[in-house]
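K.L.:
Structure provided below as C-alpha coordinates; questions to follow.
The values are calculated or read from the model by the stated rules, or taken from the named source; none is laboratory data. All values derive from a computational prediction rather than experimental measurement. Note: ideal-geometry Cβ built from the backbone for every residue, glycine included; neighbour counts use all protein chains shown.
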Amino acid sequence: MAPPERKGIPASELSAERTYFTFPSGVLTYNCVTCNTTCCRGYGYLVDNRPVAQAHLAHGRNLHIFVDPQSGAPSNGFLRMRNCPPGCFFLTEGGLCGIQAEHGYDAKPETCRLFPFNYIRQVGQYVVVAPHPGLCPLQVVSHGSADVKSDHTALLADMRSQGISAPIPLVDVPPGMTAERIVSLELAIREAANRFEAGASYLEFAVQQLLLTCSLEPSVSGDLGCPSATAAAELLEGFQARSLELLGIRSEPEALNDAALVRTAVLATSTLRASIIFRPTVGRTAHSEVGGGVGRLPYVMQGVFLLAALAHDAGMASVTFQTLMRLADVFAPVLNLLANADRAVEWKAGVMIPPMPSDCTDDLLTPYLSVVRDLLPRRQRRTRRPLGDVLADAAPRDAVDRVRFLTLVGQVSQNNLIALGHALDGRTSVTRALRAGLQRTVLGALDVPSLSMLITARRRTSPKARGGSLGG
Ligand code: SF4
(Lines give C-alpha, C1' and ligand atoms only; values in the text may rest on other atoms or scores of the structure.)
Protein backbone atom coordinates (compact mmCIF):
# COMPACT_ATOMS: atom_id res chain seq x y z
CA MET A 1 0.00 0.00 0.00
CA ALA A 2 1.42 3.37 -1.04
CA PRO A 3 1.41 6.35 1.35
CA PRO A 4 -1.49 8.77 0.78
CA GLU A 5 -0.71 11.39 -1.84
CA ARG A 6 -2.30 14.08 -3.92
CA LYS A 7 -1.97 14.57 -7.66
CA GLY A 8 0.33 17.52 -8.02
CA ILE A 9 -0.10 21.10 -6.78
CA PRO A 10 -1.42 23.92 -8.96
CA ALA A 11 0.66 27.10 -9.15
CA SER A 12 -2.09 29.03 -7.33
CA GLU A 13 -1.47 26.95 -4.19
CA LEU A 14 2.26 27.60 -4.15
CA SER A 15 2.79 30.72 -2.05
CA ALA A 16 5.74 31.96 -0.02
CA GLU A 17 3.60 31.84 3.16
CA ARG A 18 2.59 28.22 2.63
CA THR A 19 5.88 26.81 1.33
CA TYR A 20 8.48 25.66 3.80
CA PHE A 21 11.97 25.19 2.38
CA THR A 22 13.87 22.98 4.79
CA PHE A 23 17.19 24.84 4.35
CA PRO A 24 18.09 28.52 4.81
CA SER A 25 17.82 30.53 1.58
CA GLY A 26 20.92 30.54 -0.62
CA VAL A 27 23.15 28.40 1.61
CA LEU A 28 23.40 25.34 -0.65
CA THR A 29 25.16 24.99 -3.94
CA TYR A 30 26.12 22.31 -6.45
CA ASN A 31 28.31 21.98 -9.48
CA CYS A 32 27.03 19.70 -12.27
CA VAL A 33 30.38 19.70 -14.06
CA THR A 34 32.45 18.45 -11.12
CA CYS A 35 29.73 15.94 -10.19
CA ASN A 36 29.56 14.75 -13.81
CA THR A 37 25.73 15.07 -13.79
CA THR A 38 25.17 12.04 -11.57
CA CYS A 39 21.42 12.70 -11.56
CA CYS A 40 21.22 12.19 -15.34
CA ARG A 41 22.86 8.79 -15.21
CA GLY A 42 20.40 6.01 -14.81
CA TYR A 43 17.85 7.15 -12.26
CA GLY A 44 14.85 7.87 -14.47
CA TYR A 45 12.51 10.81 -14.18
CA LEU A 46 8.87 11.72 -14.25
CA VAL A 47 7.36 13.57 -17.16
CA ASP A 48 4.44 15.83 -16.58
CA ASN A 49 0.91 15.40 -17.77
CA ARG A 50 0.00 13.40 -20.82
CA PRO A 51 0.20 16.06 -23.62
CA VAL A 52 3.59 17.21 -22.37
CA ALA A 53 4.69 13.60 -22.15
CA GLN A 54 3.69 13.03 -25.74
CA ALA A 55 5.65 16.08 -26.85
CA HIS A 56 8.51 14.83 -24.77
CA LEU A 57 8.40 11.36 -26.24
CA ALA A 58 8.50 12.98 -29.65
CA HIS A 59 11.92 14.41 -28.77
CA GLY A 60 13.54 11.01 -29.21
CA ARG A 61 12.95 8.00 -31.44
CA ASN A 62 11.30 4.89 -29.91
CA LEU A 63 11.25 6.43 -26.45
CA HIS A 64 7.81 4.96 -25.67
CA ILE A 65 9.54 1.61 -25.12
CA PHE A 66 11.26 3.02 -22.06
CA VAL A 67 8.14 4.26 -20.28
CA ASP A 68 7.78 2.36 -17.02
CA PRO A 69 4.48 0.45 -17.35
CA GLN A 70 3.96 0.74 -13.57
CA SER A 71 3.32 4.45 -13.90
CA GLY A 72 2.19 4.52 -17.50
CA ALA A 73 -1.57 4.57 -16.91
CA PRO A 74 -3.00 7.61 -18.67
CA SER A 75 -5.17 8.34 -15.63
CA ASN A 76 -2.05 8.97 -13.53
CA GLY A 77 -1.32 12.03 -15.61
CA PHE A 78 2.39 11.42 -15.50
CA LEU A 79 4.88 8.91 -16.81
CA ARG A 80 8.07 7.56 -15.37
CA MET A 81 10.85 7.21 -17.90
CA ARG A 82 13.42 4.52 -17.35
CA ASN A 83 16.93 5.77 -17.76
CA CYS A 84 19.80 3.36 -18.18
CA PRO A 85 23.39 3.92 -17.13
CA PRO A 86 25.63 5.48 -18.23
CA GLY A 87 23.24 8.28 -19.09
CA CYS A 88 19.88 9.64 -20.10
CA PHE A 89 18.75 9.46 -23.72
CA PHE A 90 19.11 13.23 -23.86
CA LEU A 91 22.46 13.63 -22.16
CA THR A 92 24.93 15.10 -24.63
CA GLU A 93 28.59 14.18 -24.83
CA GLY A 94 29.41 17.52 -23.29
CA GLY A 95 27.31 16.63 -20.21
CA LEU A 96 24.46 18.99 -21.10
CA CYS A 97 20.75 18.21 -21.21
CA GLY A 98 19.78 17.88 -24.88
CA ILE A 99 16.18 18.95 -24.23
CA GLN A 100 17.32 22.13 -22.50
CA ALA A 101 19.88 22.85 -25.21
CA GLU A 102 17.34 22.46 -28.00
CA HIS A 103 14.03 23.55 -26.50
CA GLY A 104 14.96 25.66 -23.50
CA TYR A 105 14.93 25.19 -19.74
CA ASP A 106 11.15 25.18 -19.41
CA ALA A 107 10.86 22.14 -21.71
CA LYS A 108 12.83 19.90 -19.34
CA PRO A 109 10.95 17.17 -17.46
CA GLU A 110 9.66 18.45 -14.12
CA THR A 111 11.89 16.10 -12.10
CA CYS A 112 14.96 17.54 -13.81
CA ARG A 113 13.76 21.15 -13.81
CA LEU A 114 13.30 21.20 -10.04
CA PHE A 115 16.21 18.91 -9.15
CA PRO A 116 17.82 18.76 -6.59
CA PHE A 117 15.09 20.62 -4.65
CA ASN A 118 12.35 18.26 -5.73
CA TYR A 119 11.70 16.26 -2.58
CA ILE A 120 8.23 17.69 -1.99
CA ARG A 121 5.71 16.76 0.71
CA GLN A 122 2.48 18.26 1.95
CA VAL A 123 1.65 18.67 5.63
CA GLY A 124 -1.71 20.29 6.28
CA GLN A 125 -1.85 23.34 4.04
CA TYR A 126 1.96 23.60 3.82
CA VAL A 127 4.19 22.41 1.02
CA VAL A 128 7.52 21.19 2.39
CA VAL A 129 10.43 21.36 -0.07
CA ALA A 130 13.67 19.54 0.72
CA PRO A 131 16.72 18.64 -1.34
CA HIS A 132 16.80 15.15 -2.83
CA PRO A 133 18.15 13.03 0.06
CA GLY A 134 21.19 11.55 -1.62
CA LEU A 135 21.77 12.02 -5.29
CA CYS A 136 23.19 15.55 -5.52
CA PRO A 137 26.51 16.25 -3.76
CA LEU A 138 25.32 19.55 -2.30
CA GLN A 139 27.85 21.83 -0.67
CA VAL A 140 27.34 24.56 1.90
CA VAL A 141 28.39 27.97 0.52
CA SER A 142 31.24 29.78 2.21
CA HIS A 143 30.44 32.07 5.13
CA GLY A 144 28.91 35.39 4.06
CA SER A 145 28.00 34.30 0.51
CA ALA A 146 24.79 33.02 -1.06
CA ASP A 147 23.94 31.05 -4.19
CA VAL A 148 20.84 31.73 -6.27
CA LYS A 149 20.59 27.98 -6.98
CA SER A 150 19.10 27.50 -3.51
CA ASP A 151 17.46 30.92 -3.16
CA HIS A 152 13.89 30.45 -1.92
CA THR A 153 12.38 33.16 -4.13
CA ALA A 154 14.00 31.74 -7.27
CA LEU A 155 13.01 28.16 -6.40
CA LEU A 156 9.42 29.13 -5.66
CA ALA A 157 9.21 31.02 -8.97
CA ASP A 158 10.41 27.87 -10.73
CA MET A 159 7.79 25.75 -9.00
CA ARG A 160 5.06 28.29 -9.73
CA SER A 161 5.98 28.66 -13.40
CA GLN A 162 4.29 25.34 -14.27
CA GLY A 163 2.85 24.13 -10.97
CA ILE A 164 3.76 20.64 -9.79
CA SER A 165 2.34 17.62 -11.56
CA ALA A 166 4.16 14.79 -9.77
CA PRO A 167 2.23 12.97 -7.02
CA ILE A 168 2.87 14.62 -3.64
CA PRO A 169 2.92 12.42 -0.49
CA LEU A 170 0.72 13.70 2.35
CA VAL A 171 2.32 13.44 5.79
CA ASP A 172 0.89 13.54 9.31
CA VAL A 173 1.76 16.13 11.91
CA PRO A 174 3.42 14.93 15.13
CA PRO A 175 0.95 14.03 17.92
CA GLY A 176 -0.47 17.03 19.76
CA MET A 177 0.70 19.52 17.12
CA THR A 178 -0.82 21.25 14.11
CA ALA A 179 0.76 21.89 10.72
CA GLU A 180 1.14 25.61 11.60
CA ARG A 181 2.88 24.88 14.87
CA ILE A 182 5.35 22.30 13.58
CA VAL A 183 6.23 24.49 10.58
CA SER A 184 6.66 27.54 12.88
CA LEU A 185 9.01 25.59 15.11
CA GLU A 186 11.04 24.29 12.18
CA LEU A 187 11.19 27.79 10.65
CA ALA A 188 12.53 29.15 13.94
CA ILE A 189 15.22 26.46 14.02
CA ARG A 190 16.10 27.00 10.36
CA GLU A 191 16.54 30.72 10.94
CA ALA A 192 18.56 30.13 14.12
CA ALA A 193 20.89 28.01 11.93
CA ASN A 194 21.17 30.86 9.45
CA ARG A 195 22.21 33.26 12.22
CA PHE A 196 24.52 30.83 13.96
CA GLU A 197 27.85 32.39 14.76
CA ALA A 198 31.01 31.06 13.18
CA GLY A 199 33.29 29.46 15.75
CA ALA A 200 30.54 28.19 18.07
CA SER A 201 30.15 24.47 18.72
CA TYR A 202 27.40 22.21 17.41
CA LEU A 203 26.48 21.49 21.01
CA GLU A 204 25.56 25.17 21.38
CA PHE A 205 23.24 24.82 18.40
CA ALA A 206 21.69 21.67 19.86
CA VAL A 207 21.05 23.69 23.05
CA GLN A 208 19.35 26.38 20.95
CA GLN A 209 17.12 23.74 19.35
CA LEU A 210 16.17 22.40 22.78
CA LEU A 211 15.35 25.87 24.12
CA LEU A 212 13.37 26.87 21.02
CA THR A 213 11.41 23.62 21.20
CA CYS A 214 10.42 24.05 24.82
CA SER A 215 9.66 27.77 24.51
CA LEU A 216 7.53 27.40 21.33
CA GLU A 217 6.13 23.92 22.00
CA PRO A 218 6.29 23.10 25.71
CA SER A 219 3.79 20.27 25.15
CA VAL A 220 6.31 18.20 23.14
CA SER A 221 9.19 18.72 25.57
CA GLY A 222 7.70 15.94 27.72
CA ASP A 223 9.74 14.87 30.71
CA LEU A 224 12.56 17.25 29.70
CA GLY A 225 10.53 20.21 30.88
CA CYS A 226 11.95 23.59 29.94
CA PRO A 227 15.53 23.76 31.22
CA SER A 228 17.70 26.85 31.58
CA ALA A 229 20.46 27.30 28.99
CA THR A 230 23.01 25.94 31.47
CA ALA A 231 20.88 22.93 32.34
CA ALA A 232 20.20 22.27 28.63
CA ALA A 233 23.96 22.32 27.93
CA GLU A 234 24.50 19.85 30.78
CA LEU A 235 21.80 17.55 29.39
CA LEU A 236 23.40 17.53 25.96
CA GLU A 237 26.92 17.10 27.33
CA GLY A 238 25.61 14.14 29.34
CA PHE A 239 24.00 12.76 26.18
CA GLN A 240 27.27 13.09 24.30
CA ALA A 241 29.33 11.37 26.99
CA ARG A 242 26.81 8.54 27.32
CA SER A 243 26.60 8.08 23.55
CA LEU A 244 30.37 7.81 23.20
CA GLU A 245 30.46 5.30 26.04
CA LEU A 246 27.70 3.16 24.50
CA LEU A 247 29.42 3.28 21.11
CA GLY A 248 32.66 2.12 22.72
CA ILE A 249 34.58 5.35 21.97
CA ARG A 250 37.08 6.21 24.67
CA SER A 251 37.83 9.85 23.87
CA GLU A 252 35.96 12.72 22.26
CA PRO A 253 36.49 12.97 18.48
CA GLU A 254 38.98 15.71 17.58
CA ALA A 255 36.67 16.98 14.82
CA LEU A 256 34.05 18.14 17.36
CA ASN A 257 35.48 21.65 17.01
CA ASP A 258 36.18 21.59 13.28
CA ALA A 259 34.61 24.88 12.16
CA ALA A 260 33.74 23.70 8.62
CA LEU A 261 32.12 20.54 9.91
CA VAL A 262 30.12 22.46 12.53
CA ARG A 263 28.90 24.94 9.90
CA THR A 264 27.85 22.14 7.50
CA ALA A 265 26.01 20.30 10.27
CA VAL A 266 24.27 23.46 11.55
CA LEU A 267 23.05 24.38 8.05
CA ALA A 268 21.96 20.79 7.34
CA THR A 269 20.04 20.49 10.59
CA SER A 270 16.63 21.75 9.49
CA THR A 271 16.71 19.37 6.48
CA LEU A 272 17.79 16.47 8.69
CA ARG A 273 14.96 17.28 11.11
CA ALA A 274 12.49 17.52 8.22
CA SER A 275 13.57 14.08 6.95
CA ILE A 276 12.40 12.66 10.29
CA ILE A 277 9.36 14.85 10.96
CA PHE A 278 7.86 14.93 7.47
CA ARG A 279 8.34 11.28 6.56
CA PRO A 280 5.45 9.66 4.71
CA THR A 281 4.40 6.32 6.16
CA VAL A 282 1.93 3.64 5.31
CA GLY A 283 -0.84 2.74 7.71
CA ARG A 284 0.60 4.31 10.86
CA THR A 285 2.03 7.53 12.05
CA ALA A 286 5.74 8.25 11.61
CA HIS A 287 5.87 9.72 15.08
CA SER A 288 6.49 7.45 18.00
CA GLU A 289 7.03 8.75 21.47
CA VAL A 290 10.40 7.07 21.80
CA GLY A 291 12.72 8.00 18.97
CA GLY A 292 10.65 10.23 16.75
CA GLY A 293 9.36 12.63 19.39
CA VAL A 294 10.00 16.23 18.37
CA GLY A 295 11.26 17.02 21.89
CA ARG A 296 14.08 14.50 21.40
CA LEU A 297 15.22 15.76 18.00
CA PRO A 298 17.97 18.05 19.40
CA TYR A 299 19.56 14.88 20.85
CA VAL A 300 19.20 13.00 17.57
CA MET A 301 20.83 15.95 15.78
CA GLN A 302 23.69 16.09 18.26
CA GLY A 303 24.07 12.33 17.67
CA VAL A 304 24.28 12.80 13.88
CA PHE A 305 26.95 15.47 14.40
CA LEU A 306 28.86 13.14 16.73
CA LEU A 307 28.84 10.42 14.06
CA ALA A 308 30.02 12.93 11.46
CA ALA A 309 32.90 13.96 13.74
CA LEU A 310 33.79 10.28 14.20
CA ALA A 311 33.70 9.80 10.41
CA HIS A 312 35.99 12.80 9.98
CA ASP A 313 38.39 11.45 12.59
CA ALA A 314 38.29 8.06 10.88
CA GLY A 315 39.75 9.67 7.75
CA MET A 316 36.81 11.07 5.80
CA ALA A 317 38.41 14.34 4.77
CA SER A 318 35.26 16.00 3.51
CA VAL A 319 32.07 15.47 5.45
CA THR A 320 29.28 17.01 3.39
CA PHE A 321 25.55 17.58 3.49
CA GLN A 322 25.15 14.20 1.75
CA THR A 323 27.29 12.48 4.39
CA LEU A 324 25.09 13.82 7.17
CA MET A 325 21.90 12.70 5.40
CA ARG A 326 23.33 9.21 4.95
CA LEU A 327 24.53 8.95 8.55
CA ALA A 328 21.13 10.03 9.87
CA ASP A 329 19.44 7.40 7.74
CA VAL A 330 21.78 4.47 8.26
CA PHE A 331 22.16 5.03 12.01
CA ALA A 332 18.52 5.94 12.69
CA PRO A 333 17.86 2.93 14.98
CA VAL A 334 21.00 3.64 17.02
CA LEU A 335 20.30 7.39 17.18
CA ASN A 336 16.78 6.74 18.46
CA LEU A 337 18.17 4.62 21.28
CA LEU A 338 20.90 7.10 22.21
CA ALA A 339 18.45 10.00 22.20
CA ASN A 340 16.41 8.23 24.86
CA ALA A 341 19.26 6.79 26.92
CA ASP A 342 18.44 8.98 29.93
CA ARG A 343 14.81 7.84 30.14
CA ALA A 344 13.21 4.92 31.93
CA VAL A 345 11.24 3.14 29.22
CA GLU A 346 9.32 -0.12 28.91
CA TRP A 347 7.79 -2.27 26.19
CA LYS A 348 4.51 -0.82 25.02
CA ALA A 349 1.35 -2.62 25.98
CA GLY A 350 0.30 -5.26 23.46
CA VAL A 351 3.68 -5.45 21.68
CA MET A 352 4.94 -8.93 20.83
CA ILE A 353 8.71 -8.86 21.28
CA PRO A 354 10.65 -10.94 18.73
CA PRO A 355 12.70 -13.39 20.86
CA MET A 356 15.18 -13.97 18.03
CA PRO A 357 14.98 -11.22 15.41
CA SER A 358 16.39 -12.13 12.02
CA ASP A 359 19.48 -9.91 12.52
CA CYS A 360 20.27 -11.49 15.88
CA THR A 361 23.19 -13.90 15.57
CA ASP A 362 23.90 -16.41 18.35
CA ASP A 363 26.57 -14.18 19.90
CA LEU A 364 24.10 -11.31 20.30
CA LEU A 365 21.30 -13.43 21.75
CA THR A 366 22.30 -13.19 25.40
CA PRO A 367 22.84 -9.38 25.44
CA TYR A 368 19.64 -8.92 23.45
CA LEU A 369 17.56 -11.05 25.81
CA SER A 370 18.99 -9.18 28.81
CA VAL A 371 17.63 -5.94 27.39
CA VAL A 372 14.31 -7.55 26.48
CA ARG A 373 13.86 -8.77 30.06
CA ASP A 374 15.10 -5.59 31.72
CA LEU A 375 12.53 -3.52 29.83
CA LEU A 376 9.55 -5.70 30.77
CA PRO A 377 7.02 -3.34 32.39
CA ARG A 378 6.81 -5.33 35.63
CA ARG A 379 10.57 -5.05 36.13
CA GLN A 380 10.95 -1.50 34.92
CA ARG A 381 8.23 -0.17 37.20
CA ARG A 382 10.19 -1.59 40.10
CA THR A 383 13.69 -0.58 39.04
CA ARG A 384 13.02 2.51 36.85
CA ARG A 385 16.40 2.13 35.15
CA PRO A 386 17.35 4.58 32.41
CA LEU A 387 17.60 2.91 29.00
CA GLY A 388 21.31 3.85 28.80
CA ASP A 389 22.08 1.83 31.96
CA VAL A 390 20.19 -1.19 30.65
CA LEU A 391 22.11 -1.01 27.36
CA ALA A 392 25.50 -0.40 29.01
CA ASP A 393 25.10 -3.47 31.26
CA ALA A 394 24.17 -5.77 28.39
CA ALA A 395 26.41 -4.40 25.60
CA PRO A 396 29.17 -6.73 24.30
CA ARG A 397 32.75 -5.64 24.96
CA ASP A 398 33.87 -5.94 21.36
CA ALA A 399 33.53 -2.54 19.63
CA VAL A 400 32.02 -3.89 16.40
CA ASP A 401 29.61 -6.12 18.30
CA ARG A 402 28.47 -3.15 20.39
CA VAL A 403 27.33 -1.29 17.30
CA ARG A 404 25.64 -4.44 15.93
CA PHE A 405 23.93 -4.86 19.30
CA LEU A 406 22.73 -1.24 19.45
CA THR A 407 21.46 -1.47 15.87
CA LEU A 408 19.57 -4.67 16.66
CA VAL A 409 17.95 -3.30 19.82
CA GLY A 410 17.22 -0.03 18.02
CA GLN A 411 15.47 -1.84 15.17
CA VAL A 412 13.36 -4.00 17.47
CA SER A 413 12.45 -1.20 19.86
CA GLN A 414 11.53 1.43 17.26
CA ASN A 415 7.90 2.39 17.93
CA ASN A 416 7.72 -0.38 20.57
CA LEU A 417 9.06 1.40 23.64
CA ILE A 418 7.31 3.99 25.71
CA ALA A 419 8.12 6.10 28.75
CA LEU A 420 7.08 4.37 31.98
CA GLY A 421 3.41 4.28 32.89
CA HIS A 422 1.93 4.51 29.40
CA ALA A 423 -1.64 3.21 29.25
CA LEU A 424 -2.80 0.38 26.97
CA ASP A 425 -2.83 1.57 23.39
CA GLY A 426 -6.48 2.03 22.39
CA ARG A 427 -5.80 0.25 19.07
CA THR A 428 -4.44 -2.87 20.75
CA SER A 429 -6.91 -5.74 20.47
CA VAL A 430 -7.73 -7.81 23.55
CA THR A 431 -6.34 -10.94 21.87
CA ARG A 432 -3.08 -9.20 21.08
CA ALA A 433 -2.83 -7.82 24.61
CA LEU A 434 -3.41 -11.33 26.03
CA ARG A 435 -0.80 -12.89 23.73
CA ALA A 436 1.71 -10.19 24.62
CA GLY A 437 0.90 -10.64 28.32
CA LEU A 438 1.52 -14.38 28.08
CA GLN A 439 4.80 -13.80 26.27
CA ARG A 440 5.93 -11.36 28.96
CA THR A 441 5.10 -13.85 31.68
CA VAL A 442 7.35 -16.43 30.00
CA LEU A 443 10.13 -13.89 29.40
CA GLY A 444 9.95 -12.71 33.01
CA ALA A 445 9.78 -16.20 34.54
CA LEU A 446 12.89 -17.66 32.86
CA ASP A 447 16.39 -16.34 33.31
CA VAL A 448 18.51 -15.28 30.32
CA PRO A 449 20.56 -18.54 30.04
CA SER A 450 17.37 -20.67 30.09
CA LEU A 451 15.66 -18.41 27.55
CA SER A 452 18.74 -18.47 25.38
CA MET A 453 18.92 -22.29 25.47
CA LEU A 454 15.23 -22.60 24.70
CA ILE A 455 15.34 -20.23 21.76
CA THR A 456 18.54 -21.71 20.35
CA ALA A 457 17.09 -25.24 20.60
CA ARG A 458 13.87 -24.16 18.88
CA ARG A 459 15.86 -22.43 16.22
CA ARG A 460 17.93 -25.54 15.50
CA THR A 461 14.94 -27.85 15.24
CA SER A 462 12.82 -25.42 13.29
CA PRO A 463 14.54 -22.72 11.24
CA LYS A 464 11.13 -21.15 10.76
CA ALA A 465 10.92 -20.53 14.52
CA ARG A 466 13.57 -17.85 14.07
CA GLY A 467 11.81 -14.55 14.65
CA GLY A 468 8.62 -16.29 15.72
CA SER A 469 6.83 -15.57 18.95
CA LEU A 470 7.67 -17.13 22.28
CA GLY A 471 4.86 -17.96 24.62
CA GLY A 472 2.27 -16.37 22.38
S1 SF4 B 1 16.10 15.01 -19.44
FE2 SF4 B 1 17.95 16.28 -19.36
S3 SF4 B 1 18.16 16.90 -17.16
FE4 SF4 B 1 16.71 15.16 -17.25
S5 SF4 B 1 17.96 13.32 -16.89
FE6 SF4 B 1 17.85 13.63 -19.15
S7 SF4 B 1 19.66 14.87 -19.65
FE8 SF4 B 1 19.38 15.01 -17.43
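K.L.:
Which condition does T264 not pass, out of (1) at pLDDT 95 or above; (2) surrounded by 18 or more Cβ atoms within 10 Å (Cβ to Cβ); (3) more than 18 Å from F205 (Cα to Cα), if it passes all the others?
P.N.:
Looking at each condition in turn, T264 falls short on (3).
K.L.:
For region 189-203, what are the residues that are within 23 Å of S145 (Cα to Cα) and either free of Cβ contacts under 8 Å to residues at least 60 places away in the same chain or part of a helix (DSSP H, G or I) (or both)? Quick ask: steps written out before the conclusion?
P.N.:
So the first thing to find is which residues in region 189-203 are within 23 Å of S145 (Cα to Cα), and the list is 189-202.
Answer for region 189-203, where residues must be within 23 Å of S145 (Cα to Cα) and either free of Cβ contacts under 8 Å to residues at least 60 places away in the same chain or part of a helix (DSSP H, G or I) (or both): I189, R190, E191, A192, A193, N194, R195, E197, Y202.
K.L.:
Assess whether R121 counts as being over 21 Å from L28 (Cβ atoms) and basic (K, R).
P.N.:
Working: over 21 Å from L28 (Cβ atoms): no; basic (K, R): yes.
Considered against the rule, which asks whether it is over 21 Å from L28 (Cβ atoms) and basic (K, R), R121 comes out as no.
K.L.:
Something else about it: Restricting to region 175-186, name every residue that is small (G, A, S) and assigned to a loop (DSSP other than H, G, I, E, B).
P.N.:
The one that is small (G, A, S) and assigned to a loop (DSSP other than H, G, I, E, B): G176.
Conditions (1) within 17 Å of R113 (Cα to Cα); (2) loosely packed, with under 14 Cβ neighbours inside 10 Å; (3) modelled with pLDDT of 70 or more; (4) of a type outside the set (G, A, S), marked per residue:
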position	(1), (2), (3), (4)
T34	no, yes, yes, yes
G42	yes, yes, yes, no
A58	no, yes, yes, no
L63	no, no, yes, yes
D68	no, yes, yes, yes
S75	no, yes, no, no
N83	yes, no, yes, yes
P86	no, yes, yes, yes
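K.L.:
Starting from region 8-26, take each residue that is in a helix (DSSP H, G or I) and list its partners that are modelled with pLDDT of 95 or more, counting only C-beta distances under 7 angstrom and pairs at least six apart or across chains.
P.N.:
Qualifying pairs under 7 Å: A11/R160.
K.L.:
Grab the strands (runs of 3 or more DSSP E) fully contained in region 75-174, keeping just those with 2 or more residues being away from the ligand (no atom under 16 Å from the Cβ).
P.N.:
Details: elements: 79-81, 119-123, 126-130, 164-169.
Because the criterion is at least 2 residues that are away from the ligand (no atom under 16 Å from the Cβ), the strands (runs of 3 or more DSSP E) in region 75-174 that meet it are 119-123, 126-130, 164-169.
K.L.:
Taking the stated definitions as given, is P333 within 25 Å of the chain's Cα centre (by Cα), surrounded by fewer than 19 Cβ atoms within 10 Å (Cβ to Cβ), modelled with pLDDT under 95 and within 29 Å of L28 (Cα to Cα)? I'd like the intermediate steps shown before the answer.
P.N.:
Working: within 25 Å of the chain's Cα centre (by Cα): yes; surrounded by fewer than 19 Cβ atoms within 10 Å (Cβ to Cβ): yes; modelled with pLDDT under 95: yes; within 29 Å of L28 (Cα to Cα): yes.
Criteria met by P333.
K.L.:
From the list A192, A130, which one is closer than 17 Å to S270 by Cα, surrounded by fewer than 19 Cβ atoms within 10 Å (Cβ to Cβ) and of a type outside the set (D, E, K, R)? Steps first, please.
P.N.:
Working: A130 fails: surrounded by fewer than 19 Cβ atoms within 10 Å (Cβ to Cβ).
So the residue among A192, A130 that is closer than 17 Å to S270 by Cα, surrounded by fewer than 19 Cβ atoms within 10 Å (Cβ to Cβ) and of a type outside the set (D, E, K, R) is A192.
K.L.:
Could you tell me how many of the residues in region 359-388 are within 17 Å of D447 (Cβ to Cβ), of a type in the set (A, V, I, L, M) and assigned to a helix (DSSP H, G or I)?
P.N.:
4
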